[in-house]
1. Starting from residues that are of a type outside the set (D, E, K, R) and in contact with a Phe, Trp or Tyr (Cβ under 7 Å, 6 or more places away or on another chain), keep the ones in the range 115-126 and report whichever is farthest from residue 49 (Cα to Cα).
2. Can you say whether residue 141 is in a helix (DSSP H, G or I), of a type in the set (Phe, Trp, Tyr) and exposed (fewer than 15 other Cβ atoms within 10 Å of the Cβ), as far as the supplied structure shows?
3. If you check every pair at least six apart or on different chains, which have Cβ atoms under 7 Å apart with a residue in the range 140-163 that is under 27 Å from residue 124 (Cα atoms) first and a residue that is of a type in the set (Val, Ile, Thr) and at pLDDT 80 or above second?
4. Between 107, 157, 161, which is closer than 22 Å to residue 33 by Cα and of a type in the set (Val, Ile, Thr)?
5. Cβ-Cβ under 9 Å, sequence separation 6+ or interchain: first residue in the range 86-109 and in contact (Cβ under 8 Å) with a residue 12 or more places away in the chain and exposed (fewer than 14 other Cβ atoms within 10 Å of the Cβ), partner aliphatic (A, V, I, L, M) and part of a strand (DSSP E or B). Which pairs?
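The values are calculated or read from the model by the stated rules, or taken from the named source; none is laboratory data. Treat the numbers as computed from the prediction; the structure is a model and nothing was measured. FYI the Cβ positions are ideal-geometry reconstructions off the backbone, even for glycines, and counts take in every protein chain you see.
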Amino acid sequence: MPTAWRIAALLASLAALTTPAVASAAPPIPYRFGDPGGFRNILPPGSNGNANALQLGAFLATGARPPHNDDQLKMYSDLVYEVPGLEAADLDRFFKDGSFGVKPGEVERTYSPGGRDDVVVQRDRFGVPHVTGSTREGAMFAIGYATAEDRMFLIDVLRHVGRATWRPSRAARRATARWIASSGRPRRTPSRSGSARSTRST
């Protein structure tokens, strides 16, 4: 696919994700509906793995991170200092509630991706999406939508790597070459016969 088409497709995806989704009339499941309770999880450092240009600029200028970028990190890192001696009553200090549905008063956002009427997504106070779908198609659509909201850049990078189509910029390649040369580590260069040979920078 030509580069221009790739850029156009990426911009279209960004526009779709930044367009406010219409709230669904179908209600989400109540908190802990259909599960026995007691589920906990943790996702260090946080649910949000994306950052726009303004958020990146704020981080570089002040160190302020985007919402939900590292709000689970402290719980996760503090756990190593509590072992041995960790008790069951302490688990809520190091893991967050992973029950079905969102606890009342902790709903940060409710929306239906694409304006669909067969699925609704609730984001809890950690930004974690809870998907309720009345159809499999709607649930799968919302899962993919929420995943792209949180990890689209990483997904696109891995897609290119998997297809062997990822090409760093010329400046990045030069910087990598300089780092290899300055590190003194062996690097492989093509020989005249077409096979690779190992060299060491001096």
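1. So in the range 115-126, the residues of a type outside the set (D, E, K, R) come out as 115, 119-122, 126.
Going one step further and asking which of them are in contact with a Phe, Trp or Tyr (Cβ under 7 Å, 6 or more places away or on another chain), we end up with 119, 121.
Numbers: 119: 23, 121: 18 Å.
Step by step, filter the range 115-126, then rank; the result is 119.
2. no
3. Partner pairs satisfying both residue conditions: 141/119; 142/119; 142/121; 142/131; 143/131; 146/121; 146/131; 148/155.
4. 107
5. Listed pairs, sorted by first residue: 109/121.
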